[in-house]
Amino acid sequence: MNKKFNILILNGPNLNLLGTREKNTYGIKTLKELTNQLNEKALSLNINIHHYQSNAEHAIIDKIHESKEKINYIIINPAAFTHTSIAIRDAFLAVNIPFIEVHISNIYARENFRSNSWLSDISNGVITGFELDGYFWALETAVKRLSNSFNKT
Ligand code: DQA
């Protein structure tokens, strides 16, 4: 029944290094392991899941543009672009796809510059500081919200 929903998991710069990068902050699981577990979760939720990671701002923007008409919901960890990218903000405003912002670490408990997000106020929610669990909770929430809005129409 939910198979109609297409959800994109979008990961920003340096997240390809999960599992080896600053393990005390980001843990020991690799992006591949996270992706596999999210795929399993998507199977149990009966939705289509898509994954994309890039270290390049323009590639992330292009992916958001391409998602128009194809993707119902985006879960994004914009990584360092969270704190710098008005261009990614504008891309979301342009395509009007609902999204949840996820951070593995608690961005409010780190350096001051990480407390600013160019995306939070236009997002449908932010999950920060719950390690990789945040991705799974965001996925559940996205499906719940899509189902609710689908049932209302
Ligand atoms: C991050 C937090 C960002 O400040 C940082 O630049 C990242 C990862 C997180 O998931 O905690 O690369 O988004």
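The values are calculated or read from the model by the stated rules, or taken from the named source; none is laboratory data. Being a predicted model, the structure only gives us computed values, none of them experimental. Ideal geometry is used to build each Cβ from the backbone, glycine not excepted, and the neighbour counts take in all protein chains shown. What goes into the accessible areas is simple: the full protein's heavy atoms, side chains included, and nothing from ligands, DNA or RNA. Shrake-Rupley method; radii C 1.70, N 1.55, O 1.52, S 1.80 Å.
Data table
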{"quantity": "For segment 16-96, accessible area per residue (1.4 Å probe, heavy atoms of protein chains only), Å²", "calculated": "53 Å²"}
{"quantity": "Sum of -39500 (n - 2.57) over DSSP H runs of 4+, divided by residues of the chain (222 nm, nearest 500)", "calculated": "-12000 deg cm²/dmol"}
{"quantity": "Per-pair calculated FRET efficiency, R0 = 25 Å: K68 and E40 via Cβ, rounded to 0.05", "calculated": "0.35"}
{"quantity": "Sites K29 and H83 - FRET efficiency at Förster radius 41 Å, r taken between beta-carbons, to 0.05", "calculated": "0.95"}
{"quantity": "Residue-count net charge about A138 - beta-carbon cut-off 14 Å; Lys, Arg +1, Asp, Glu -1", "calculated": "-1"}
{"quantity": "Full-stretch length increase - T141, L17 - with 0.36 nm per residue and alpha-carbon distance subtracted", "calculated": "42.0 nm"}
{"quantity": "C-alpha center-to-center spacing [segment 4-30, segment 98-150] in angstrom", "calculated": "14 Å"}
{"quantity": "Distant alpha-carbon pairs in the chain (separation over 25 angstrom), percent", "calculated": "24 percent"}
{"quantity": "Cα principal axis extents for segment 28-95, largest first, Å", "calculated": "34, 32, 15"}
{"quantity": "Charge dipole (debye, nearest 20) of the chain; +1 at Cβ of Lys and Arg, -1 at Cβ of Asp and Glu", "calculated": "360 debye"}
{"quantity": "Convex hull volume per residue for segment 72-114, taking Cα atoms only, in Å³", "calculated": "65 Å³"}
{"quantity": "Inter-label distance for N112 and H50, nm, one decimal - labels placed 7 Å from Cα along Cα-to-Cβ", "calculated": "4.0 nm"}
{"quantity": "List Y26, Y135, ordered by accessible area with a 1.4 Å probe, largest first", "calculated": "Y26, Y135"}
{"quantity": "Hits among lysines - C-alpha to C-alpha of K4 under 21 Å, sequence gap 8 or more where chains match", "calculated": "K41, K63, K68, K70, K144, K152"}
{"quantity": "Cross-link partners of K23 among lysines (Cα-Cα below 23 Å; sequence separation of 8 or more within a chain)", "calculated": "K32"}
